Each structure stands twice: as structure tokens, then as C-alpha cells.
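Input: a single structure, listed below in C-alpha cells.
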Amino acid sequence: MALHPAVSAVTDRIIERSRVSRRRYLALMARNRAQGIMRPRLACGNLAHGLAAAGEDKARLMQGRSVNLGIVTSYNDMLSAHQPYGRYPDQMKLYAREMGATAQVAGGVPAMCDGVTQGQEGMELSLFSRDVIAMSTAVGLSHGMFEGVALLGICDKIVPGLLIGALRFGHLPTMLIPAGPMTSGLPNKEKQRVRQLYAEGKVDQSALMEAEAASYHGPGTCTFYGTANTNQMMVEIMGLMMPDSAFSNPSTHLRQALTRAGVHRLVEISRPGDGHRPLSELVDEKAIVNAAVGLLATGGSTNHAIHLPAIARAAGIVIDWADLDALSRAVPLMTRAYPNGSADVNAFNDAGGMPTLIGSLCDAGLLHEDIVTVSAGGMRDYARRAEMQDDVLVYRAAGPSEDRAVLRDAREPFLPDGGMRLVSGNLGRGIYKTSAVEASRQTIEAPAAIFDTQQGVIDAFKRGELDRDVVVVVRFQGPDANGMPELHRLTPTLAVLQDRGYRVALMTDGRMSGASGKVPAAIHIGPEAQSGGPLARLRDGDRVLVCAATGRIEALVPSAEWDARVPVPPPPPGLGTGRELFALMRTRSDSAEAGGSAMLAAMDGIVDTIGDSIDEGR
Ligand SMILES: O=C(O)[C@H](O)[C@@H](O)[C@H](O)[C@H](O)COP(=O)(O)O
Ligand code: SF4
């Protein structure tokens, strides 16, 4: 099938825009391989330290002729999605030995649960925890003991952080080994209904706790289609994990077989020779575009409007929100998983899951089929369903969707476009996800109610001050201000106002959760208020337009008055809960559209400074 012209055009402009930075990245990876972080380079003393506790693998490691896999793990048993990883390293060592190879845990990375920190001060560490994870990944791999890398990670900032860190060791073959979603509990819509009743004071805290615990009830990823499950979709559609391995549940025969097959395959592609597949060659412009297409086709998390640019940048590739907007107009919405519908990821998987989605997107010319993947073939390898037959993992060609209420073919989608809009105007530039918002609500014009905190909104709601058509503006929530937290705790409150019949929208320089949905929201707005951006000039009562159709966010204030306004000063920074340790990241972070990262901004600064020497191979 010929590639869709919009996909081709966006890919070409990304390649052109990234020409210098991508060339320098690949040159640096070639230099890594030639002189870099590899076992043969280590002195005996270095090596002895790395083998001392290797036990039965020590002899093989001493010979230095086999593959040694570095496992970077984000295990902790407080985070339901990562709890299954506790047993993985020991299993993976066994599977590596089956291939005449070895595996060691190269290091651990922190893994924040955004669900636990949602609405709490800890959420102000969330975005930058991604960069801590990237740096922690680099610390593990910097030992140079490994010929291949296995990444264990699922949730929001963890997968982006792992990929960013591993991409700086892109000379090494790398695979993400998933653990899968928890089985279905209380449906997400029912959970949300109880939350709205609680927000209105109609049920008590014990009823709310009961509903929450029935929804989040066991090991595995939460079953809504939020940032964590969008991560898994994106890594699979980039070909960086085994085909059809994202969404089978933990502790099943299939899950174990996929982990074993993944370790075996990772050893194969880590061996020198024709089959060698370094990460830097897999994550190219086409793979990044495939990830964006998957994000849009599935109505994925708005957080990837920040993380995908950051991941791309770590590979020398520059994408922006205009790329997402252009792809969104060509890529249809093919799935209805909460918050874009009532189904969960288990229902999506049962309907055909990633193999059916990828097969349909390939048939429609919406994916680059010729990407290099960790599997033997290209993208079409991922249009195959993994199954157990007589205790053996087998793959069969994916069929059509088995539940058209959840997953549809690209030629008969739920919506003609992927619903992630770039919005801009005199209020700045932001992202607006329409896929979960009713068409009748996608344009809101109403008076602004201005807040500097989430709590301020909830308190005003409880005082009955928001029972009207209103654009709720929560500012000073950007990366520089307080680390760009998710303001997902506003969802029940704003949804109650919407259900009471008011025309409601949210505008913020902060983020929302991947699990946020039904309330129209223009988010990630930059320049952020902290740096004097337009939101700091808004006043209570200003009429504001938030319009997905025209892509506009406007303060309907006479331009002379608007231009004359002085931005209000930011509130004092928060202290406590470790936030002061992240001040260096806040003060040097760049824009959400660039990836929201002080680490990447500093990296690009260095690469730009010494770039010529990289070009000349010095
Ligand atoms: O981006 C995301 O997907 C969210 O950060 C998600 O990981 C977070 O945990 C939500 O807060 C869960 O939803 P609830 O808070 O509604 O349980
Ligand atoms: S999906 Fe969100 S709430 Fe669920 S375990 Fe992951 S980070 Fe926590």
C-alpha cells in the first residue's frame, strides 16, 4: 500500500529538520561503538569488579566471547504495574544461559506512580523524574559491561526516561520487556461516576475507597488507556519489543513465553555480525512517525506530546506539535478505550489489540512498514497475534477486529482524525485532545476564572462560584514554575459542572493525565506564565475562546488593552517533598513542546558547541 501523503510529508520534513542533529547523533554512536563503552575496553581490574558476584556466569563472562545483557530495571512493589518485575532478572538470566549468554542487572531506576502522587505535592517531581530515570539508565550502562540492553519499564515517565537514557548508548541493541496490564476490575467509567458523586458530596469516603480499590485491584498496569498503556503501544509500534507483547496480562504462560522469547531474540541481535541491531538504527525518523501515528490512532495520552519530542531528541531527531497536528488530520481514531470510551486495554487486546491495529494501519498506508525492528522482519511482523499452542509460543496472522465497539479498521474509524490538535493564538501555543470530548463541546467561549492552584479551583467549586459557563484557567503550572504537574484531580469537578449543563473548558500551562478526557482542555500552553507568558496577563472575567475546530485559544480582549497588560508575578516556589532538589531542573527546563527538559537542553547545547568535531570524527 502506498504511504499516505501526509505521513510521507511529515516524515520528510522531520528528516530535513533533523539532518544535522541526526548526523551528529549517528556519528557519536559510531564513535561509541568504535572506542566506547564495551567490555574489551575494560582493564582487568575493572572487569574483576564487574564479575566478582557473577556466580555461575563468571567463567563465561571471563571468556569475554559471549553476549552479556545489561538489565535496567524500574522494579518496585508499590507501583502495581512494576510489581511483576521483581522476578524478571532471575528468570532472564536463565533464558540468557539457554542462549550461551549471560545477564546482569546493570542498575535500577526510580519509578513514580502518578496515581499515588495525583493531586499531591509529589506530582511536582513527576515530569523531571523522567530525566532522573534517563540519567540513572546511563549510570547503569556506563559500566561498559554489556553487549545488549533489556529495559524493564511500563509507566508514565519511566519508559520515556529509559528510552532517552538507552538512546545515548544507541550503539547497543536494546529491547523493552513488558509485564502487562492487570486484569479488569471495576470499569473505569463506574469509578469515574463514583468520584463525581463524591465530589458532589453524594457518597462518603468509604464508598469512594471501595470503588477505587475495586478498580485498581492487583499486579499489572491500570487498565485505562493512559500514559503507561500508551507507552506500551508506542514501544511496540516502534518495533522495540517482541510482537504482540504489550498487553497480555502478568503471570500467564503467554507472558512468560514472550519474556523468554524476548531474551532469546535480544541475545541474537546483540551478537556481532549481520544480525546486529543497535538501538540507534531502529529509532529513526520513520519509527518516531510510527509512534506518533499510533498515538493518534488510539487516542493516546497527551503526555506524549511532551515525551515523544524528548525521546526523538535523544536520537538526534526534532519533531514539534505542528507535526502531530498534521498527522492528526490524516490518522483516524480507531480505538475507543477509556477515557476515549468505556472499554479498557484488556478489551482492546481481546478485540485484536496491537496486531489488528498495526495490520490495519499498514493496509491504509499510515505506517512505515520498512522500519528496522527487534523482530526478524519489519512492521508487518507486528501484525501477528502471539498465542500458546501446546505450551509453545506461536504467531499467526492477525484477523479483523472482534469487537467494533472497541477497535475498528482504519477505513471505517470512530472519527476521521486522531484528535490531538495544536492550538494557538494570543494566549500562546498548546495541545488540545479532542478524541474524548463531545463534538458539541469542542468550542467553548466563556468568561475566565483564574487560579494559581488546583486546590483553588476545587474550593471555588465547593463555594458554588463555578456553577456557570466558564473557562477555568490554572496557571503557573509549567516546567519552570513547579515541574508541570498533572491537574487530573480537576476532572471530576469540571465533569460535574459539564454534566450540570454548563459550557466548561480548562486552560493551563500544566499537564493533564492520560486518563483525563471528557472536559475540553487546552494544556501545555507556552510560553508558560512563570516566564511572563500570556496566561499571566489574563484577568477574571475576560472572555476566552477555546476552539479545536479553528485551533485557536484567544483572550477576547481589545488588542490595545491586551498589549498594555503587565503579567502578574508568579507565586513563591513550593518547598518540601523533595521539590527543592529539582530546582535546578525547573530553572533550566525548556518548553513542553521541545520535551520539557533541562537535561536535554544542556545536552543539545554541548552537541551544538562541539558538533563540528563530531562531524569530523575528532
Ligand atoms: O498520565 C496518566 O496516565 C496518569 O498519570 C496516570 O498514570 C495516573 O496514574 C492517573 O492519575 C490515574 O488515574 P486516576 O488518578 O484517575 O486513578
Ligand atoms: S498506570 Fe498510573 S496509576 Fe497505574 S501503576 Fe502506572 S503510574 Fe500508577
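A short reminder: the numbers here are calculations on the coordinates, not readings from a lab. Keep in mind the model is a prediction, meaning the values are calculated, not measured. All Cβ positions, glycine included, derive from the backbone under ideal geometry; neighbour counts span all protein chains shown.
Residue 251 to residue 205: FRET efficiency via 1/(1 + (r/R0)^6), r the Cβ-Cβ distance, R0 41 Å, to the nearest 0.05? Working shown, then result.
Numbers: r = 32 Å, r/R0 = 0.78.
About 0.80, to the nearest 0.05.
Where both residues lie in the chain, what percent of DSSP beta bridges are antiparallel, nearest 5?
Details: 26 of 55 bridges.
DSSP beta bridges in the chain are roughly 45 percent antiparallel.
Any idea what the dipole of the stretch 50-193 comes to, in debye rounded to 20, about its Cα centre with Lys/Arg Cβ at +1 and Asp/Glu Cβ at -1? Numbers along the way, then the final one.
Details: 12 positive and 12 negative charges, 57 e Å.
Roughly 280 debye for the stretch 50-193.
What does the net charge come to around residue 187 if you take all other residues with beta carbon closer than 12 Å to its beta carbon, with K and R at +1 and D and E at -1?
Taking every Cβ under 12 Å from that of residue 187, the sum is +1.
Could you size up the charge dipole of the chain around its Cα centre, putting +1 on the beta carbon of Lys and Arg and -1 on that of Asp and Glu, and report it in debye to the nearest 20?
720 debye
Label-point separation (nm) for residue 577 and residue 455, each offset 7 Å from Cα along Cα-to-Cβ?
1.0 nm
I need the peptides 371-380, 434-443 ranked by packing, meaning the mean over residues of other C-beta atoms within 10 angstrom, with the highest value on top.
Details: 371-380: 19.4, 434-443: 16.7.
Result, highest mean Cβ count within 10 Å first: 371-380, 434-443.
From the mean inverse distance of alpha carbon pairs (Kirkwood) and the Cα radius of gyration, derive Rg over Rh for the stretch 495-618. Intermediate results must be reported in sequence, preceding the final value.
Working: Rg = 19.2 Å, Rh = 17.9 Å.
Here the Rg-to-Rh quotient is 1.08.
Just to be sure I understand the model, the point goes 7 Å from the Cα along the line to the Cβ. What's the resulting residue 543 to residue 564 distance in nm?
It works out to 2.0 nm between the two label points.
Estimate the FRET efficiency between residue 322 and residue 531 by the formula 1/(1 + (r/R0)^6), using the beta-carbon distance for r and 25 Å for R0, to the nearest 0.05.
Details: r = 21 Å, r/R0 = 0.86.
Computed FRET efficiency for residue 322 and residue 531: 0.70.
Based on other C-beta atoms within 10 Å, arrange 562, 321 from fewest to most. It would help to have the intermediate numbers written out before the result.
Numbers: 562 17, 321 23.
Starting with the residue having the fewest Cβ neighbours, the order is 562, 321.
Please give the residues of the stretch 8-46, grouped as numeric ranges, whose backbone N is less than 12 Å from a label point set 7 Å along the Cα-to-Cβ vector of residue 281.
Residues 30 fall inside that zone.
Let's test the formula: R0 of 41 Å, r as the Cβ-Cβ distance of residue 16 and residue 350. What FRET efficiency results, to the nearest 0.05? Intermediate values should be presented prior to the final figure.
Numbers: r = 41 Å, r/R0 = 1.01.
For residue 16 and residue 350, the calculated efficiency is 0.50.
Cα convex hull of the stretch 483-548: mean projected area in nm², to one decimal? Don't jump to the answer; show the numbers that get you there.
Working: hull surface 20.2 nm².
Projected over every direction and averaged, the Cα hull of the stretch 483-548 covers 5.1 nm².
Mind giving me the nanometre distance, one decimal, between the label points for residue 39 and residue 391, set 7 Å out from Cα along Cα→Cβ?
Between residue 39 and residue 391, the label points sit 3.2 nm apart.
What number comes out for the charge environment of residue 394, summing +1 per Lys or Arg and -1 per Asp or Glu over other residues with Cβ under 12 Å away? Intermediate values should be presented prior to the final figure.
Values: positive: 384, 385, 396; negative: 244, 387, 390, 391.
Net charge around residue 394: -1.
Roughly how many whole Å is it from the C-alpha centroid of the stretch 237-299 to that of the stretch 54-109?
If we compute the Cα centre of each part, the gap is 18 Å.
Starting from the Cα-Cα distance between residue 2 and residue 463, subtract it from 0.36 nm times their residue separation and give me the gain in nm to one decimal.
Values: separation 461, 0.36 × 461 = 165.96 nm, distance 5.75 nm.
Taking residue 2 through residue 463 to full extension adds about 160.2 nm, to one decimal.
Can you list the GluC sites (Glu not before Pro) in the stretch 570-618 that are in a DSSP coil and have 10 or fewer other beta carbons within 10 angstrom?
Values: sites: 580, 593, 616; in loops: 616.
Here the GluC sites (Glu not before Pro) that fit, given the DSSP loop and packing criteria, are 616.
Could you give the length gained by full extension between residue 402 and residue 443, i.e. 0.36 nm per residue of separation minus their alpha carbon distance, to one decimal place? Let's see the in-between values first.
Details: separation 41, 0.36 × 41 = 14.76 nm, distance 3.43 nm.
Separation in residues times 0.36 nm, less the Cα-Cα distance, equals 11.3 nm.
Would you work out which of 52, 293, 346 lies farthest towards the positive end of the dipole of the chain, given +1 charges on the beta-carbon of Lys and Arg and -1 on that of Asp and Glu, about the Cα centre?
Of the candidates, 52 comes out farthest on the positive side.
Toward the positive end of the charge dipole of the stretch 128-209, about the Cα centre and with charges on Cβ (Lys, Arg +1; Asp, Glu -1), which of 149, 165, 199 goes farthest?
Of the listed residues, the answer is 199.
List 588, 24 from most exposed to least, where exposure is judged by having the fewest other Cβ atoms within 10 Å.
Details: 588 15, 24 19.
Fewest to most other Cβ atoms nearby, the residues stand as 588, 24.
Please go through the stretch 442-480 and write out the trypsin sites (Lys or Arg not before Pro) that DSSP classes as loop and that have at most 10 other C-beta atoms within 10 Å. Show your work: numbers first, answer last.
Working: sites: 462, 463, 468, 475; in loops: 463, 468, 475.
Counting only loop positions with at most 10 other Cβ atoms within 10 Å, the trypsin sites (Lys or Arg not before Pro) in the stretch 442-480 are 463.
For the chain, just the Cα set please: Rg and Dmax, both in angstrom.
Gyration radius and largest Cα-Cα distance of the chain: 23.8, 77 Å.
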